[in-house]
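K.L.:
Dropping the structure in here first, questions after.
The values are calculated or read from the model by the stated rules, or taken from the named source; none is laboratory data. Keep in mind the model is a prediction, meaning the values are calculated, not measured. Note: areas computed on protein heavy atoms with side chains; ligands, DNA, RNA excluded. Shrake-Rupley method; radii C 1.70, N 1.55, O 1.52, S 1.80 Å.
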Amino acid sequence: MPTRTFRAVMENGDAYDDPSEDVLLLLLEDLAAGEGSWVIVEKVADPSGQTYAQALRLADGSFQVERRRGSADTHEVAPAQPLREAHELLTRWAFAL
């Protein structure tokens with residue numbers, strides 16, 4: 001049985017183990033359609049829960065994308081992004097976790 005590497009969790013609690021780039025795009029599209037306001041992609045092997053990438057839908061429809069790789073000093077925040085650019089950044093960061 002393959003080991004999960006990361007999980008995407010939506011604001012409503014729906015979770016997706018090892019989502020593909022396409023699934024991450026669909027999740028962001030759901031957020032853009034008003035189905036929640038955030039998705040977190042967390043590294044399963046980190047018991048602290050502090051290794052993750054996340055996207056937050058902002059009031060203007062853009063997305064803020066953040067990443068943290070353990071300690072607070074690794075927290076990075078990207079400027080607001082349109083959906084496609086947010087997807088590219090979230091995917092790049094998620095697969096690099």
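K.L.:
Using only protein heavy atoms and a 1.4 Å probe, report how much of S37 is accessible, in Å² to the nearest 10.
P.N.:
Rounded to the nearest 10, that gives 30 Å².
K.L.:
Collect residues whose amide H, placed 1.01 Å from N in the peptide plane, falls under 5 Å from the amide H of T51; neighbours closer than 5 in sequence don't count.
P.N.:
Excluding prolines and chain starts, which carry no amide H, the hits are K43, G70.
K.L.:
Here's a follow-up. Given a 1.4 Å probe and heavy atoms of the protein chains only, how would you sort V41, V9, largest accessible area at the top? Walk me through the numbers before you get to the answer.
P.N.:
Working: V41 0, V9 35 Å².
Order by accessible area, largest first: V9, V41.
K.L.:
Against the longest alpha carbon principal axis of the chain, how many degrees, from 0 to 90 and to the nearest 10, is the axis of helix 21-32 turned?
P.N.:
With both axes taken from Cα atoms, the answer is about 40 degrees.
K.L.:
Hey, another quick one. Once the Cα atoms of helix 83-96 and of the chain are each reduced to a long axis, what angle between those two axes, in degrees from 0 to 90 to the nearest 10, is obtained?
P.N.:
10 degrees
K.L.:
Another question about this same structure. Over 5 Å intervals from 0, what percent of Cα-Cα pairs in region 49-93 sits in each interval?
P.N.:
Result returned by the calculation: 5, 27, 31, 19, 13, 5, 0.
K.L.:
Once the chain is represented by equal point scatterers at the alpha-carbon sites, with solvent omitted, what log10 I(q)/I(0) does the Debye formula produce at q = 0.22 Å⁻¹?
P.N.:
Scattering profile of the chain, log10 relative to I(0): -1.11.
K.L.:
Accessible area, 1.4 Å probe, largest first: how do T5, T91, T74 sort?
P.N.:
From most accessible down to least: T5, T74, T91.
K.L.:
So what are the ³J(HN,Hα) numbers for region 35-48, from phi and the Karplus equation (6.51, -1.76, 1.60; θ = phi - 60°), rounded to whole Hz, Gly and Pro as x?
P.N.:
The phi angles translate into 8, x, 10, 8, 9, 10, 10, 10, 7, 5, 6, 8, x, 6 Hz.
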